[in-house]
Amino acid sequence: MSEKKVKFTVIDAIIIIVVLAAAAVCAVKIVPSLMQSSDSQKVSFTVMIQSKDKDFADAITVGDNVTISLTEKDGGVVTDVKAEPAKTIVYNSIEGVYSEDVMEDQYDVYVTIEADVDVSDLAIMAGGTAIKVGTDIPVRGKGYASNGYIIEIDD
């Protein structure tokens with residue numbers, strides 16, 4: 001009987017290296033998410049909703065339950081509302097300068113929301129919604145709905 005010798009080629013080595021690299025990438029991506037600890041707590045954050053009319057600003061009241069996701073699963077409670085006249089930057093072509101002008105009948109609405117979130121080393125999450133400064137987030141309550149940007153987080 002003849003015995004076959006197993007030959008180890010360069011292609012075999014490349015395949016082994018690729019498989020090991022894929023396993024290392026999976027380990028780096030998956031293991032930290034399994035090991036991270038999250039702490040459940042209440043966090044307040046402020047959402048700026050730009051250029052709305054006075055009726056919209058008046059519709060939002062302290063104590064309103066609002067949803068802060070598109071799926072309407074994640075929510076919070078309004079703890080403060082402020083409306084300030086909306087401002088815009090306008091270019092004056094005669095003088096060649098930019099100036100800040102107040103927009104008539106338009107308001108920037110600042111809504112402070114308190115929500116139950118999971119705080120970890122990587123993110124602050126209200127259910128499936130990431131709470132990060134600069135994030136565009138929907139704010140929906142009874143009788144109003146709009147999008148705004150998170151401008152401040154108080155934990």
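The values are calculated or read from the model by the stated rules, or taken from the named source; none is laboratory data. The model shown is predicted, which means the values in this text are computed figures rather than measured ones. Cβ sites come from the backbone with ideal geometry, for glycine too, and all protein chains shown count toward neighbours. Please note that ligands, DNA and RNA were not included when accessible areas were found on the heavy atoms of the full protein model with its side chains. Shrake-Rupley method; radii C 1.70, N 1.55, O 1.52, S 1.80 Å.
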Quickly run through the range 57-107 and pick out the residues that are open to solvent by less than 70 Å² (accessible area, probe 1.4 Å), among the hydrophobic types (A, V, I, L, M, F, W, C) and within 23 Å of the chain's Cα centre (by Cα). Ala57, Ile60, Val66, Ile68, Val77, Val78, Val81, Ala83
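Of a type outside the set (A, V, I, L, M), out of contact with any Phe, Trp or Tyr (no Cβ under 8 Å at 6 or more places or on another chain) and modelled with pLDDT of 90 or more: is that true of Asp108 in this structure? Walk me through how you get there before you give the answer.
Working: of a type outside the set (A, V, I, L, M): yes; out of contact with any Phe, Trp or Tyr (no Cβ under 8 Å at 6 or more places or on another chain): yes; modelled with pLDDT of 90 or more: yes.
So Asp108 passes the test.
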Determine which member of the set Val47, Val6, Val10, Val28 is of a type in the set (Val, Ile, Thr) and surrounded by 10 or more Cβ atoms within 10 Å (Cβ to Cβ). Val47
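If you check Asp105, Asp121, Asp101, which single one turns out to be assigned to a loop (DSSP other than H, G, I, E, B) and farther than 18 Å from Ser44 by Cβ? Don't jump to the end; show me each part of the working.
On the way: Asp105 fails: assigned to a loop (DSSP other than H, G, I, E, B); Asp101 fails: assigned to a loop (DSSP other than H, G, I, E, B).
The conditions single out Asp121.
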Log entry, pairs with first residue in the range 57-72 being in a loop (DSSP other than H, G, I, E, B), second being polar (S, T, N, Q) and open to solvent by 50 Å² or more (accessible area, probe 1.4 Å), beta carbons closer than 9 Å, six or more apart or on different chains, reads Val62/Thr79; Gly63/Thr79
